[in-house]
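S.K.: What follows is a structure written as structure tokens; I'll ask about it next.
Where a number appears in this text, it was derived from the coordinates with a stated rule and is not lab data. Computed from a prediction, not measured in an experiment: that's the story for all the values here. No Cβ is skipped: glycine too gets one built from the backbone with ideal geometry, and neighbour counts run over all protein chains shown.
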Amino acid sequence: MITFARQLPALSCLLFLLGVITPASEADTAFRVAYENKTQFPYYMGNTSKVLDQPGAAVELVGLLEEEVPGLQVRFSRYPWKRCLALLEAGAVDAIFNASFNEARMAIGAYPWKDEAVDPSRRLTTIGYYLYTREGADVGWDGEAFADTSLKVGAPLGYSIVRDLEKLGLSVTNAESSLQNLFMLAADRVEAVALQSVTGDFLLTKYGDRLNNIARIEPPIKTKPYYLMLSHRFQDRHPALSEQIWDAVAELRKTRLQSLAQQYME
């Protein structure tokens, strides 16, 4: 007969394992985050699948979630934007950024939510989309509508602005990257391209010798909040943690994003 005393070591060991291993498995959460493999200055840098030593302000901000959310272990990867969306939908990554809101993407992943609507107070950043044209061109954009909906407009593949332009009655030609769109414009294959101004302005400066006849025009097509989207799989498994992550993103945006971005402006 096994005595109670002889059971104590085994019981103590079991209690130790329950007390140590279980909390650790809950607290130490690998957080797989994907973002685009193209430059979106100053938010992410480099046309590469590598995560650079100076990766960009948004990448650094998301990395700081490790300091704000105990046990979170952020792991970055980079892909074409359409693949980022597909990986999120499949639950192969836990989060992607920078993602604007549109209703169709709600089937792909989750946004921060409040009062039955997306919560812009927990956005990661705000970015404006503008038209870029050859200098002196009049594309008939008044801030609300196009005078001629037969206008040939380009936009990056998979970006939300494509749907916005189509709603305005335009047929959109897609190129994979913002830079390819600008080269398409320079070659007269389109009359205008719709780009995020942070990226478009950066590329005009960097490639000024090849794009010196191109300018951004006012007013913007649209100004949008951008979010860290979570996979439905991650949110279902970690509902409280998901809210904690979005809250932390909002706080980091208010307290750190400007200083992080400034490093890339200097």
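S.K.: Here are some values of Rg/Rh (Cα atoms, Kirkwood Rh): [x] 1.12; [y] 1.02; [z] 0.97. Which one was computed from this structure?
M.R.: Of the labelled values, this structure produces [x].
S.K.: Can I ask one more? For a quick check, take a GNM of the chain with Cα springs below 10 Å and name the residue from Ala145, Ala92, Ala57 with the largest mean-square fluctuation.
M.R.: Highest fluctuation among the options: Ala145.
S.K.: What distance in nm separates the two pseudo spin-label positions at Lys222 and Tyr264, each 7 Å out from Cα along the beta-carbon direction?
M.R.: 2.2 nm
S.K.: List Met265, Met184 from most exposed to least, where exposure is judged by having the fewest other Cβ atoms within 10 Å.
M.R.: Numbers: Met265 8, Met184 17.
With the fewest neighbours first, Met265, Met184 line up as Met265, Met184.
S.K.: Let me ask something else about it. So what are the ³J(HN,Hα) numbers for the range 96-102, from phi and the Karplus equation (6.51, -1.76, 1.60; θ = phi - 60°), rounded to whole Hz, Gly and Pro as x?
M.R.: Going residue by residue, I get 9, 7, 7, 10, 7, 8, 8 Hz, with x marking Gly and Pro.
S.K.: Where in the chain are the DSSP H helices whose alpha-carbon span along the long axis reaches 30 Å or more and whose Kyte-Doolittle mean is at least -0.5?
M.R.: Details: long enough: 4-27 (34 Å, 1.23).
Answer set is 4-27.
S.K.: By counting other Cβ atoms within 10 Å of each Cβ, how are Lys82, Lys254 ranked from fewest to most? Before the final figure, lay out each step's value.
M.R.: Working: Lys82 14, Lys254 10.
So the ranking, lowest neighbour count to highest, is Lys254, Lys82.
S.K.: What are the ³J(HN,Hα) couplings of the range 29-37, residue after residue, when phi is run through the Karplus curve with 6.51, -1.76, 1.60 and θ = phi - 60°? Round to Hz, x for glycine and proline.
M.R.: 10, 5, 10, 8, 10, 10, 9, 5, 8
S.K.: Given 25 °C and 0.890 mPa s, how large is the Stokes-Einstein diffusion coefficient of the range 142-266 in µm²/s, with Rh as the Kirkwood radius over Cα pairs?
M.R.: Details: Rh = 17.1 Å.
For these conditions, the coefficient is 144 µm²/s.
S.K.: Separate question: For the range 111-119, in order, what is each residue's ³J(HN,Hα) by Karplus, 6.51 cos²θ - 1.76 cosθ + 1.60 with θ = phi - 60°, in whole Hz (x at glycine and Pro)?
M.R.: Listing the rounded values in order: 10, x, 10, 7, 6, 6, 8, 4, 9 Hz.
S.K.: Another one. Rounded to the nearest 0.05, what FRET efficiency do Arg256 and Lys167 give with R0 = 35 Å and r taken as the Cβ-Cβ distance? Could you check? Don't jump to the answer; show the numbers that get you there.
M.R.: On the way: r = 35 Å, r/R0 = 1.00.
Plugging the Cβ-Cβ distance into 1/(1 + (r/R0)^6) gives 0.50.
S.K.: Can you compute the charge dipole magnitude of the chain about its Cα centre, using +1 on each Lys and Arg Cβ and -1 on each Asp and Glu Cβ, nothing else charged? Give it in debye, rounded to the nearest 20.
M.R.: So the dipole magnitude of the chain works out to roughly 680 debye.
S.K.: Take a quick pass over the range 127-224 and tell me how many lysine pairs come in under 21 angstrom between Cα atoms, counting only ones 8 or more apart or on separate chains. Write out the running numbers ahead of the final one.
M.R.: On the way: Lys152/Lys167; Lys152/Lys222; Lys167/Lys222; Lys167/Lys224.
Close lysine pairs under the 21 Å cut-off: 4.
S.K.: Determine, for Asp188, Asp148, the number of other Cβ atoms within 10 Å of each Cβ, and report the residues in order from fewest to most.
M.R.: Numbers: Asp188 9, Asp148 12.
Ascending number of Cβ neighbours within 10 Å: Asp188, Asp148.
S.K.: Moving to a separate point now. Amide H of Leu72 versus every other amide H placed in the peptide plane: which residues, excluding those fewer than 5 positions away on the same chain, fall under 5 Å?
M.R.: Those qualifying (amide H under 5 Å, at least 5 residues apart or on another chain) are Thr29.
S.K.: Next up: Please work out the FRET efficiency for the pair Ala137 and Asp28, using the Cβ-Cβ distance as r and a Förster radius of 51 Å; give the result to the nearest 0.05.
M.R.: Working: r = 55 Å, r/R0 = 1.08.
It comes to 0.40.
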